[in-house]
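The values are calculated or read from the model by the stated rules, or taken from the named source; none is laboratory data. Fair warning: this is a prediction, and the values are worked out from it, not measured in the lab. Every residue, glycine as well, gets a Cβ built from its backbone with ideal geometry; the counts of neighbours run over all protein chains shown.
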Amino acid sequence: MVKFFFRFLLLISILTIGGRLQAQVNFYNMNKWQDSLLMLGKDMYRLKGEAERLEKNFTFVKSLVSALKEKHSYMYNFEKLNMISVVKAPDDRFRIFSWNIPLNDGSYLYYGAIQTKTKDGKLDLVPLLDKTFWVENPDSDILKPDHWYGAQYYDIVSMGDAYVLLGWKGHEPTYTQKVIEILHFENGVYSLGKKVFSDNPIWSRRIFKYTSQASMYLKYHKDKNSFIFDHIVPAAPNLVGKFAYYGPDLTYDAYVIEQGKLVLKSNIPFQNPPREEDHLNIVPGKAIPKKSSGF
């Protein structure tokens, strides 16, 4: 009886170890995919012709999807693939890939996808389709992944049953944007935008517009449970609405997370932010700075 019991334990151990091995990602295959994607990504941003860049990006997208079809690809971090952003939900429920392609007119196209973690390791991928210029009311519309207000995300923070995304959005030659996007689930489907801003009940996301010659600080501070950001103003009263002349005025505001809402606190005491990272003025094709503590 004792002999049978130990054999049973041995069998259970073998099955458990086997199950764990099956659940592991194939690092050999994934490393090969990453190397291929790295080469494609570098080539994509080296090309000067817009049509060539877009064609190379098409190949990049197909290769990325093929890589993600590998069993348990969710467990692979793509650490070398630093020309795109990969942010993972704090609860490990999903991760978001996002990147941009600069166009000849100074605008950008954004590409992205949400990969949901699955128990069996099979791919669950929702593409994000950039429809920036088809979004009628960017500040207030609640959008679906196939009608996305494109951005390149550099942070994600939990807020109740929703997630706050911080993104950079190069927009046109004279001015750029940063975005506070709200991702949540509606009837089990990803939805973008939610009316959680205390200072304007119409807003579903917060869009900051400022001159391309300036940088804007926008970062989550875990110790304060707040998103601290530069206060953006026009250079003169007669320049209201002309975003090429907007920039920081050396004061700071914050959105504090309170009961599933973002509550605005104006003109907060805040000094010497780490400007070297700038969180983020992303330069297409260049390595994205690694996140520091608090991200």
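Considering each residue of segment 51-96, count those that are charged (D, E, K, R) and closer than 18 Å to T118 by Cβ, and give that number.
Qualifying residue count, segment 51-96: 8.
Of all residues in segment 87-110, which are exposed (fewer than 13 other Cβ atoms within 10 Å of the Cβ) and within 13 Å of E172 (Cα to Cα)?
Scanning segment 87-110 gives N104, D105, G106.
Got at least one residue in segment 263-282 being outside any helix (DSSP H, G or I), touching a helix residue (DSSP H, G or I) at 6+ places or on another chain (Cβ under 7 Å) and either modelled with pLDDT under 95 or not β-branched (V, I, T) (or both)?
So far as segment 263-282 goes, no, none of its residues is outside any helix (DSSP H, G or I), touching a helix residue (DSSP H, G or I) at 6+ places or on another chain (Cβ under 7 Å) and either modelled with pLDDT under 95 or not β-branched (V, I, T) (or both).
Can you tell me which residue within segment 131-140, out of those that are in a loop (DSSP other than H, G, I, E, B) and either over 19 Å from the mean Cα position of the chain (by Cα) or of a type in the set (A, V, I, L, M, F, W, C) (or both), is surrounded by the fewest Cβ atoms within 10 Å (Cβ to Cβ)?
Here the residue is E136.
Can you tell me how many residues within segment 186-206 are among the aliphatic types (A, V, I, L, M), surrounded by 17 or more Cβ atoms within 10 Å (Cβ to Cβ) and touching a residue at least 60 places away in the same chain (Cβ under 8 Å)?
Going through segment 186-206 one residue at a time, the tally reaches 1.
Every residue, every condition in (1) under 30 Å from G106 (Cβ atoms); (2) outside any helix (DSSP H, G or I), yes or no:
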site	(1), (2)
M44	yes, no
V61	yes, no
S66	no, no
E70	no, yes
N82	yes, yes
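Over 30 Å from A51 (Cα atoms), in contact (Cβ under 8 Å) with a residue 24 or more places away in the chain and surrounded by 21 or more Cβ atoms within 10 Å (Cβ to Cβ), is that true of Y154?
Spelling it out, it is not the case that Y154 is over 30 Å from A51 (Cα atoms), in contact (Cβ under 8 Å) with a residue 24 or more places away in the chain and surrounded by 21 or more Cβ atoms within 10 Å (Cβ to Cβ).
Any idea which of L123, L109 is at pLDDT 95 or above and within 28 Å of R46 (Cα to Cα)?
L109
Would you be able to tell me the number of residues in segment 111-130 that are in a strand (DSSP E or B), touching an Asp or Glu at 6+ places or on another chain (Cβ under 8 Å) and surrounded by fewer than 18 Cβ atoms within 10 Å (Cβ to Cβ)?
3
Do we have V256 as closer than 23 Å to F133 by Cα, β-branched (V, I, T) and either at pLDDT 95 or above or surrounded by fewer than 20 Cβ atoms within 10 Å (Cβ to Cβ) (or both) here?
Criteria not met by V256.
Taking segment 207-250 as the search range and keeping residues that are of a type in the set (A, V, I, L, M) and assigned to a strand (DSSP E or B), which one is farthest from G170 (Cα to Cα)?
Going through the qualifying residues, I end up with L250.
For segment 160-168, indicate whether the set of residues that are in a loop (DSSP other than H, G, I, E, B), surrounded by 15 or more Cβ atoms within 10 Å (Cβ to Cβ) and more than 14 Å from the chain's Cα centre (by Cα) is non-empty.
No - not one qualifying residue is present in segment 160-168.
Over 30 Å from L103 (Cα atoms), modelled with pLDDT of 50 or more and loosely packed, with under 11 Cβ neighbours inside 10 Å - does that describe any residue in segment 1-8?
The answer is no; no qualifying residue exists.
Within segment 96-119, which residues are more than 22 Å from K144 (Cβ to Cβ) and among the basic types (K, R)?
K119, the sole residue that qualifies.
Restrict the check to segment 176-193 and report whether at least one residue is aromatic (F, W, Y), assigned to a strand (DSSP E or B), closer than 18 Å to A254 by Cα and at pLDDT 95 or above.
No, segment 176-193 contains no residue that is aromatic (F, W, Y), assigned to a strand (DSSP E or B), closer than 18 Å to A254 by Cα and at pLDDT 95 or above.
Is there a residue being in contact with a helix residue (DSSP H, G or I) (Cβ under 7 Å, 6 or more places away or on another chain), among the hydrophobic types (A, V, I, L, M, F, W, C) and under 18 Å from M30 (Cβ atoms) anywhere in segment 102-111?
no
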